[in-house]
1. What part of the accessible area of the chain, given as a whole %, is carbon or sulfur when the probe is 1.4 angstrom?
2. Go ahead and estimate [θ] at 222 nm for the chain from helices alone: -39,500 (n - 2.57) per DSSP H run with n ≥ 4, summed, over the residue count, rounded to 500.
3. Give me the accessible area per residue for region 26-66, probe 1.4 Å, as a whole number in Å².
4. Of the labelled options (i) 1.01; (ii) 1.61; (iii) 1.12, which one gives Cα Rg over 2.2 N^0.38 Å as computed for this structure?
5. Output the relative contact order of the chain, whole-number percent, from Cα pairs under 8 angstrom with separation of 6+ residues.
6. On a 0 to 90° scale, report how tilted helix 11-36 is relative to the longest principal axis of the chain, with both axes built from alpha carbons and the result rounded to the nearest 10.
7. Once both axes come from the Cα atoms, what is the angle between helix 42-69 and the longest principal axis of the chain, in degrees from 0 to 90, rounded to 10?
Amino acid sequence: MNQTTTVQRNTSLDILRILACLFVVISHTSSELAVNAPLTSLQGVVAHIMNTVGHTGTILFLFISGSLLL
């Protein structure tokens with residue numbers, strides 16, 4: 001009488017989670033450099049781009065959590 005259902009994992013969501021983790025790490029490591037480096041230098045521009053890309057990790061986590069709640 002016991003019925004067990006197996007739920008298959010969505011590997012694309014797992015890959016997105018890994019990317020989101022990497023983006024958050026990038027955001028945390030480049031944030032201080034982005035604040036201190038001037039935008040007139042290549043280092044400052046790269047730091048700001050990395051910081052901006054890194055912030056998308058938080059948004060990805062939010063979207064993944066929302067999609068799993070549906």
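1. Its accessible area is 69 percent carbon and sulfur atoms.
2. So the helix-based figure for the chain works out to -27500 deg cm²/dmol.
3. That works out to 68 Å² per residue.
4. (ii)
5. Values: 58 pairs, mean separation 26.0, N = 70.
Relative contact order for the chain comes out at 37 percent.
6. Roughly 20 degrees between the two axes.
7. Between helix and principal axis, roughly 20 degrees.
The values are calculated or read from the model by the stated rules, or taken from the named source; none is laboratory data. What you are looking at is a predicted structure, and each value in this text was computed from that prediction instead of being measured. These accessible areas exclude ligands, DNA and RNA; they are computed on the full protein's heavy atoms, side chains included. Shrake-Rupley method; radii C 1.70, N 1.55, O 1.52, S 1.80 Å.
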